[in-house]
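The values are calculated or read from the model by the stated rules, or taken from the named source; none is laboratory data. This is a predicted model, so every value here is computed, not measured. For neighbour counting, all protein chains shown are included, and Cβ atoms are generated from backbone atoms with ideal geometry for every residue, glycine included. In case anyone asks, the SASA skips ligands and DNA or RNA and just uses the protein heavy atoms, side chains included. Shrake-Rupley method; radii C 1.70, N 1.55, O 1.52, S 1.80 Å.
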Amino acid sequence: MANNKEIVKYSELLMYYQKLFTKKQLTYLDDYFLNDLSFQEVATKYHVSAMAIADSIKHSKKLLNDYEDKLGLYKKANARAKVYNQVADKGLREKLIQIEKV
């Protein structure tokens, strides 16, 4: 099972890159990271081997890291959020944050 820091990291990266994964990959990632299931528990649930789940999670984590290294969507969004929080005009700040959610 993943530790809290790892759960937060990959959950946040998935928010940006989930459309690049198959439904099966997303299902395994959700069960492992969000539902806190072990490789064996995920494997039992989907009638596959624990090694298949471990390989899938490992591969997916590598892909997430590669996507972020190349595209930097998460890093850029955090940088924009920091700038938005420095905007003194509350109305403008709220509009900027709403644009970010589109």
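Please list, ordered by first then second residue, the pairs with beta carbon atoms under 6 Å, 6 or more apart or interchain, first in the range 1-29 and in contact (Cβ under 8 Å) with a residue 60 or more places away in the chain, second among the hydrophobic types (A, V, I, L, M, F, W, C).
Close Cβ pairs satisfying both conditions: LEU13/LEU64; TYR16/LEU73.
Determine which single condition ARG80 fails, assuming it passes every other condition in (1) among the basic types (Lys, Arg); (2) closer than 21 Å to GLU100 by Cβ; (3) exposed (fewer than 13 other Cβ atoms within 10 Å of the Cβ).
Of (1) among the basic types (Lys, Arg); (2) closer than 21 Å to GLU100 by Cβ; (3) exposed (fewer than 13 other Cβ atoms within 10 Å of the Cβ), only one is false for ARG80: (3).
Considering only residues that are over 15 Å from GLU12 (Cα atoms) and of a type in the set (Gly, Ala, Ser), look in the range 49-72 and name the one that is most open to solvent (accessible area, probe 1.4 Å).
Filtering the range 49-72 down to residues over 15 Å from GLU12 (Cα atoms) leaves 49-59, 70.
Subsequent filtering for residues that are of a type in the set (Gly, Ala, Ser) retains 49-50, 52, 54, 56.
On the way: SER49: 61, ALA50: 31, ALA52: 43, ALA54: 22, SER56: 24 Å².
My answer is SER49.
Are any residues in the range 15-48 open to solvent by 60 Å² or more (accessible area, probe 1.4 Å) and either touching a Ser or Thr at 6+ places or on another chain (Cβ under 7 Å) or assigned to a loop (DSSP other than H, G, I, E, B) (or both), and if so, which ones?
Within the range 15-48, THR22, LEU34, ASN35, ASP36, HIS47 meet the criteria.
Give the number of residues within the range 84-99 that are in a helix (DSSP H, G or I) and surrounded by fewer than 11 Cβ atoms within 10 Å (Cβ to Cβ). Walk me through it before giving the result.
Just the residues of the range 84-99 that are in a helix (DSSP H, G or I), to begin with: 84-86, 90-99.
Narrowing further to those that are surrounded by fewer than 11 Cβ atoms within 10 Å (Cβ to Cβ): 85-86, 90-91, 98-99.
Total meeting the criteria: 6.
Filter the range 55-102 down to residues that are under 15 Å from the mean Cα position of the chain (by Cα) and aromatic (Phe, Trp, Tyr) and give me whichever is farthest from THR22 (Cα to Cα).
The selected residue is TYR74.
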